[in-house]
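Q: Pasting a structure here, questions to come.
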Amino acid sequence: MRYALAAVRRWCRGFAEVVVVTPRTGAAAVRRAVGADVRLEVGPNYRDDYLGQQVSKLYADEFTTADLICHIDSDMIFSRPVSPADLLVDGRPWIVRRAVSDLGRHRPWLAPTEAFLGRRVEFDFMQQPPFTFPRRLYPELRALCLERHGIPLDQYVAGRPPRGFSEFNVLGAHAHAAHRTSFAWYEAQALGSDAAPVLCRWYWSRAGIDSRLRQELDLVVAEPPATGPFGRTRSE
């Protein structure tokens, strides 16, 4: 998380605010780590926080008044200059999708996503971060959960088996079905000017940080040398 926030400070400009959500367990340590320029929201503890952190994202509109909400996990590290304009195409948030038919046989997110939405899902929408959605999507999903499953969305997700939900796929699939023209869609296999911009690097937090990865991350978040006239460093 420290690297993710350092990358936001290094590369991101023009955003309204940065919000970190944490369960009560560990909140004191998170508070010490995030810094004064980040707003910390403390939520409930969950039996399985892999599911619990997804609940936090599905209620993201309750943590901010922003019209568009850009999500990153702690293992998503911005690596180039980014502004809100980079998340949009003609004013529409972009999402990268890959056809399910192009995936291998291991796709554990698919059945839970279809079971929740009650429809066939033809794309994987968790292909390339960051993930940006308009705030109206979140209450729509909560209403859909009550209508289809008869319980609040937080209870539904928390009650799933381990790794039994995929929040970004649910958000993406709902956007694709209900608001397709309100988004720009990139194909995962697209190249060159047809491809989505690569704004951040995506790691796997549970793999830990070894010395080689730490060196790589240090370079990504390092501030450039102070420059003087004509782009020369002040020591030159």
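Each row is one residue, and each column tells you yes or no for (1) over 18 Å from residue 160 (Cβ atoms); (2) at pLDDT 95 or above.
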position	(1), (2)
33	yes, no
47	no, no
58	no, yes
62	yes, yes
69	yes, yes
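Q: Checking the condition open to solvent by 70 Å² or more (accessible area, probe 1.4 Å), modelled with pLDDT of 95 or more, over 16 Å from the mean Cα position of the chain (by Cα) and not acidic (Asp, Glu), which residue from 142, 163, 180 passes?
A: Every option except 180 fails the conditions.
Q: Within the set of pairs 6+ apart or on separate chains, which have a first residue in segment 126-138 that is of a type in the set (Phe, Trp, Tyr), a second that is assigned to a loop (DSSP other than H, G, I, E, B) and open to solvent by 10 Å² or more (accessible area, probe 1.4 Å), and C-beta atoms under 9 Å apart?
A: 131/72; 138/59
Q: Any residue in segment 211-236 that's within 23 Å of residue 1 (Cβ to Cβ) and open to solvent by 100 Å² or more (accessible area, probe 1.4 Å): show its pairings with residues that are assigned to a helix (DSSP H, G or I) and modelled with pLDDT of 90 or more at Cβ separation under 8 Å, as long as the two are six or more apart or on different chains.
A: If the second residue must be assigned to a helix (DSSP H, G or I) and modelled with pLDDT of 90 or more, the pairs left are 223/10.
Q: Quick check on my filter: what residues within segment 78-95 are open to solvent by 20 Å² or more (accessible area, probe 1.4 Å) and of a type in the set (Val, Ile, Thr)? Break it down into steps so the answer makes sense when it comes.
A: Start the filter on segment 78-95 by keeping residues that are open to solvent by 20 Å² or more (accessible area, probe 1.4 Å), which leaves 79-81, 83-86, 88-92.
Scanning segment 78-95 gives a single hit, 89.
Q: So which residues in segment 183-210 are under 14 Å from residue 73 (Cβ atoms) and exposed (fewer than 12 other Cβ atoms within 10 Å of the Cβ), if there are any at all?
A: Result: 204, 206, 207.
Q: Of the numbered conditions (1) open to solvent by 60 Å² or more (accessible area, probe 1.4 Å); (2) of a type in the set (Asp, Glu); (3) closer than 27 Å to residue 197 by Cα, residue 75 fails exactly one; give the number of that condition.
A: Exception for residue 75: condition (1).
Q: Quick one: would you say residue 82 is under 15 Å from residue 58 (Cα atoms), touching a Phe, Trp or Tyr at 6+ places or on another chain (Cβ under 8 Å) and not hydroxyl-bearing (Ser, Thr, Tyr)? I'd like the intermediate steps shown before the answer.
A: Details: under 15 Å from residue 58 (Cα atoms): no; touching a Phe, Trp or Tyr at 6+ places or on another chain (Cβ under 8 Å): yes; not hydroxyl-bearing (Ser, Thr, Tyr): yes.
Taking the combined requirement at face value, the residue does not satisfy it.
Q: Sort through 36, 60, 27, 16 and tell me the only one that's among the aliphatic types (A, V, I, L, M), open to solvent by less than 30 Å² (accessible area, probe 1.4 Å) and under 29 Å from residue 222 (Cα atoms).
A: Details: 36 fails: open to solvent by less than 30 Å² (accessible area, probe 1.4 Å); 60 fails: under 29 Å from residue 222 (Cα atoms); 16 fails: open to solvent by less than 30 Å² (accessible area, probe 1.4 Å).
After applying the criteria, what remains is 27.
Q: Condition first: of a type in the set (A, V, I, L, M), in a strand (DSSP E or B) and in contact with a Ser or Thr (Cβ under 9 Å, 6 or more places away or on another chain). Now tell me which residues in segment 68-95 satisfy that.
A: Keep residues of segment 68-95 that are of a type in the set (A, V, I, L, M), which gives 68-69, 72, 76-77, 82, 85, 87-89, 95.
Cutting the leftovers down to in a strand (DSSP E or B) gives us 68-69, 76-77, 82, 88-89, 95.
Residues satisfying the conditions are 68, 69, 88, 95.
Q: Additional query: Restricting attention to segment 166-177, which residues are part of a helix (DSSP H, G or I) and within 19 Å of the chain's Cα centre (by Cα)? It would help to see each step written out before you state the result.
A: To start, the set of residues in segment 166-177 that are part of a helix (DSSP H, G or I) comprises 167-177.
Matches in segment 166-177: 167, 168, 169, 170, 171, 172, 173, 174, 175, 176.
Q: Right, here's the next one. So which residues in segment 96-126 are modelled with pLDDT of 95 or more, in a loop (DSSP other than H, G, I, E, B) and open to solvent by 50 Å² or more (accessible area, probe 1.4 Å), if there are any at all?
A: Those that are modelled with pLDDT of 95 or more, in a loop (DSSP other than H, G, I, E, B) and open to solvent by 50 Å² or more (accessible area, probe 1.4 Å): 119, 120, 122, 126.
Q: If you scan segment 13-41, which residues turn out to be within 15 Å of residue 78 (Cβ to Cβ) and touching a Pro at 6+ places or on another chain (Cβ under 8 Å)?
A: Passing the criteria: 13, 14, 15.
The values are calculated or read from the model by the stated rules, or taken from the named source; none is laboratory data. Note that this is a predicted model, so its numbers are computed, not measured. Every residue, glycine among them, receives a Cβ derived from its backbone with ideal geometry; neighbour counts consider all protein chains shown. Surface areas here come from the heavy atoms of the whole protein model, side chains and all, with no ligands, DNA or RNA. Shrake-Rupley method; radii C 1.70, N 1.55, O 1.52, S 1.80 Å.
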